[in-house]
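One structure is given here, and the rest of the page talks about it.
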Amino acid sequence: MTKKLRIGVLVSGSGTNLQAVIDACQKGSLTAEVAVVITNKADAGAISRCEKAHIPWQFVDHRLFHDRQNFDNKLIEILREAGVELVLLAGFMRILTASFIDSFPRAIMNIHPALLPAFPGLHAPRQALDYGARFSGCTVHFVDKGVDNGPIILQAVVPVLESDCEETLQARIQEQEHKIYPEAVQLFAEKRLTVEGRKVRILPPAPGSEP
Ligand code: GAR
């Protein structure tokens, strides 16, 4: 049997991307299992998703730690205890310290609701609308020490419609997020991602591994 990649997911919100990953694991399109979910919000919708899927989760309240380093040390401890090989940021609204990033070299991914490097930071769909962009989308990237900055793994393009408001554009972007995030994780699970400088190379599938 193929060994499953152990994933840890960090979330602050509703967790629809977490759900997409859980669903892909259950369907078998993702050779991985969610080993642990950590949230810094006691009311995160992601918690009920974990309960439903019988996935271990922990609430770590960042306000109880006197600095970011101590908070991140706690996250690292939980992820290590769970044997996590890949960390996914899925709407995790905290900036990670350099030592967290160094603890999981080239093994932290983030999803961002824009075609990076356009519109980093908060409220990316609103930024795209305000700017008058005709296209936006979403990006899965490796996390480095800059915000929304690391090497790009996958992107999906979403047209901006005349009729769009922030909510409608965000909803269409999220539909694409739910496809490309599990796909990027599967590429990692198949060891098909290599990074050269800023560029991620996607290797062809190993012979005999295609369905
Ligand atoms: C996602 O749309 C993700 O792209 C965004 O947070 C949302 C979380 O939704 N992340 C960022 O803006 C990071 N800069 P979810 O909790 O439903 O997955």
Discussion item. Which numbered condition in (1) part of a strand (DSSP E or B); (2) over 17 Å from Asn17 (Cα atoms) is the only one that Gln155 fails?
Written reply: (2)
Worksheet item: Within segment 83-100, restricting attention to residues that are open to solvent by 20 Å² or more (accessible area, probe 1.4 Å) and away from the ligand (no atom under 14 Å from the Cβ), which residue is farthest from Pro159 (Cα to Cα)?
Response: Gly83
Fill in: Number of the exception - Phe104 against (1) within 26 Å of Gln176 (Cβ to Cβ); (2) open to solvent by 30 Å² or more (accessible area, probe 1.4 Å)
(2)
Worksheet item: So Asp23 fits all but one of (1) of a type in the set (Asp, Glu); (2) away from the ligand (no atom under 16 Å from the Cβ); (3) surrounded by 13 or more Cβ atoms within 10 Å (Cβ to Cβ); what number is the exception?
Response: (2)
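Which one is nearest to the chain's Cα centre (by Cα) among residues in segment 140-150 that are open to solvent by 10 Å² or more (accessible area, probe 1.4 Å) and not β-branched (Val, Ile, Thr)?
Narrowing segment 140-150 to residues open to solvent by 10 Å² or more (accessible area, probe 1.4 Å): 143-149.
Next cut, not β-branched (Val, Ile, Thr) only: 144-146, 148-149.
Numbers: Asp144: 13, Lys145: 16, Gly146: 16, Asp148: 11, Asn149: 13 Å.
Once the filter is applied, the top-ranked residue is Asp148.
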Worksheet item: Gly137 fails exactly one of the following numbered conditions: (1) at positive phi; (2) in a loop (DSSP other than H, G, I, E, B); (3) crowded, with 17+ Cβ neighbours inside 10 Å. What is the number of that condition?
Response: (2)
Response to the item:
Log entry, pairs with first residue in segment 48-66 being open to solvent by 80 Å² or more (accessible area, probe 1.4 Å), second being part of a helix (DSSP H, G or I) and of a type in the set (Asp, Glu), beta carbons closer than 9 Å, six or more apart or on different chains, reads Trp57/Glu51
Discussion item. Anything in segment 68-82 that is more than 23 Å from Leu30 (Cβ to Cβ) and either part of a loop (DSSP other than H, G, I, E, B) or open to solvent by less than 20 Å² (accessible area, probe 1.4 Å) (or both)? List them, or say none.
Written reply: Phe71, Asp72
Practice prompt. Output yes when any residue across segment 64-73 is of a type in the set (Phe, Trp, Tyr) and either touching a strand residue (DSSP E or B) at 6+ places or on another chain (Cβ under 6 Å) or within 16 Å of the ligand (Cβ to nearest atom) (or both), and no when none is.
Written response: no
Worksheet item: Out of the residues in segment 1-20 that are in a loop (DSSP other than H, G, I, E, B) and surrounded by 17 or more Cβ atoms within 10 Å (Cβ to Cβ), which is farthest from the ligand (Cβ to nearest atom)?
Response: Ser12
Discussion item. Pull out all pairs, ordered by first then second residue, where Cβ-Cβ is under 6 Å, the residues are six or more apart or on different chains, the first lies in segment 111-123 and is assigned to a loop (DSSP other than H, G, I, E, B) and within 8 Å of the ligand (Cβ to nearest atom), and the second is among the basic types (Lys, Arg) and at pLDDT 95 or above.
Written reply: none
Item to complete: Within segment 28-46, identify whether any single residue is in a helix (DSSP H, G or I), open to solvent by 10 Å² or more (accessible area, probe 1.4 Å), away from the ligand (no atom under 15 Å from the Cβ) and not polar (S, T, N, Q), and answer yes or no.
Response: no
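The values are calculated or read from the model by the stated rules, or taken from the named source; none is laboratory data. None of these values were measured; they are calculated from a predicted model. Methodologically, a virtual Cβ is constructed for each residue, glycine included, from the backbone with ideal geometry; neighbour enumeration extends over all protein chains shown. Note: accessible area is taken over every heavy atom of the protein model, side chains too, but ligands, DNA and RNA are not part of it. Shrake-Rupley method; radii C 1.70, N 1.55, O 1.52, S 1.80 Å.
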